[in-house]
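A.B. asks: Could you have a look at this structure, given as structure tokens, before my questions?
What follows is calculated from the coordinates using simple rules that are stated; it is not laboratory data. Worth saying up front: this structure is predicted, and the values here are computed from it rather than measured. With ideal geometry, Cβ positions are generated from the backbone for all residues, glycine too; neighbour counts draw on all protein chains shown.
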């Protein structure tokens, strides 16, 4: 019981220290992207890749933004990894998708990418590419935010309240944040099933 109490206490601390201004900035960017018929590319690796897939569904169905996660296509992802290397998989995928100035990347990541530590170098390469193109960069990241936090137009940092639980809290709060985004009255245009049955 002690661990459960501690974990939930940490989650409560995180909720009360999230930067609401950054969340609102992401809402505003997404509103603009939708209005100009831009697309949203959600990037993540590991558990964050699973979150990216779920988020894409919600942004498409509830918000009406054309959205994609490169990790949803396992064949292309593994072919690019095999032929070109892990570091370039996202940047090359975005190039074929003709990323442009109306579009945005949303990075879901525990660390945000760090080339020096060789952690998620594919996220860093994708962010470099997005900056070259002039696409917006949004992030929901943990730890110090890594490269994503350095270059993002808006970025929510999931604060570290216990270094032993960085990953589970970061990935759990990615879900909390994107569900908040798709529920925001400035963005939500589609009804969710259970709420429609009231």
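A.B. asks: How much FRET efficiency would the formula 1/(1 + (r/R0)^6) give for residue 153 and residue 13, where r is the Cβ-Cβ distance and R0 is 25 Å, rounded to 0.05?
C.D. replies: That gives a FRET efficiency of 0.40.
A.B. asks: Follow-up. Considering Cα pairs under 8 angstrom that are at least six residues apart, work out the relative contact order of the chain and quote it in whole percent.
C.D. replies: 25 percent
A.B. asks: Provide the gained length on full extension for the span residue 161 to residue 20, in nm with one decimal, where the gain is 0.36 nm per separating residue minus the Cα-Cα distance.
C.D. replies: Full extension of this stretch gives 49.0 nm more.
A.B. asks: Given the DSSP H assignment, sum -39500 (n - 2.57) over each helix run of at least 4 residues in the chain and divide by its residue total; what's the result at 222 nm in deg cm²/dmol, nearest 500?
C.D. replies: Mean residue ellipticity, 222 nm, calculated: -16000 deg cm²/dmol.
A.B. asks: Would you list 7, 90 from fewest to most Cβ contacts within 10 Å?
C.D. replies: So the ranking, lowest neighbour count to highest, is 7, 90.
A.B. asks: Using a ≥ b ≥ c from the Cα gyration tensor of the stretch 1-75 (square roots of the eigenvalues), is it rounded, prolate or oblate, where a/c under 1.5 gives rounded and otherwise the larger of a/b and b/c decides, a/b for prolate?
C.D. replies: Values: a/c = 3.23, a/b = 1.49, b/c = 2.16.
Oblate is the answer for the stretch 1-75, as a/c is 1.5 or above yet b/c matches or exceeds a/b.
A.B. asks: With r as the distance between the Cβ atoms of residue 175 and residue 195 and R0 = 25 Å, compute the FRET efficiency 1/(1 + (r/R0)^6) and round to 0.05.
C.D. replies: For residue 195 and residue 175, the calculated efficiency is 0.90.
A.B. asks: For the stretch 166-198 and the stretch 1-80, what is the separation of their C-alpha centers, rounded to whole Å?
C.D. replies: Each part reduced to its Cα centre gives a spacing of 9 Å.
A.B. asks: A further question on this structure: Exposure proxy check: 169, 128, 16 ranked by fewest other beta carbons within 10 Å?
C.D. replies: Ordered from fewest to most neighbouring Cβ atoms within 10 Å, 169, 128, 16 come out as 16, 128, 169.
A.B. asks: Still on this structure, please answer the following. Could you list the residues of the stretch 71-91 with an amide nitrogen less than 14 Å from a label point located 7 Å from the Cα of residue 118 in the Cα-to-C-beta direction?
C.D. replies: The answer is 86-87, whose backbone nitrogens lie closer than 14 Å to the label point.
A.B. asks: Mind ranking 49-61, 68-80 by how tightly packed they are, going by the mean number of other C-beta atoms within 10 angstrom, highest first?
C.D. replies: Put in order of decreasing packing, that is 49-61, 68-80.
A.B. asks: Taking neighbour Cβ counts within 10 Å as the exposure measure, how do 86, 194 sort from fewest upward?
C.D. replies: Working: 86 15, 194 7.
So the residues, fewest neighbours to most, are 194, 86.
A.B. asks: Something else about it: Taking 0.36 nm per intervening residue step and subtracting the Cα-Cα distance, what contour gain separates residue 32 from residue 128 on full extension?
C.D. replies: Additional length available on full extension: 32.4 nm.
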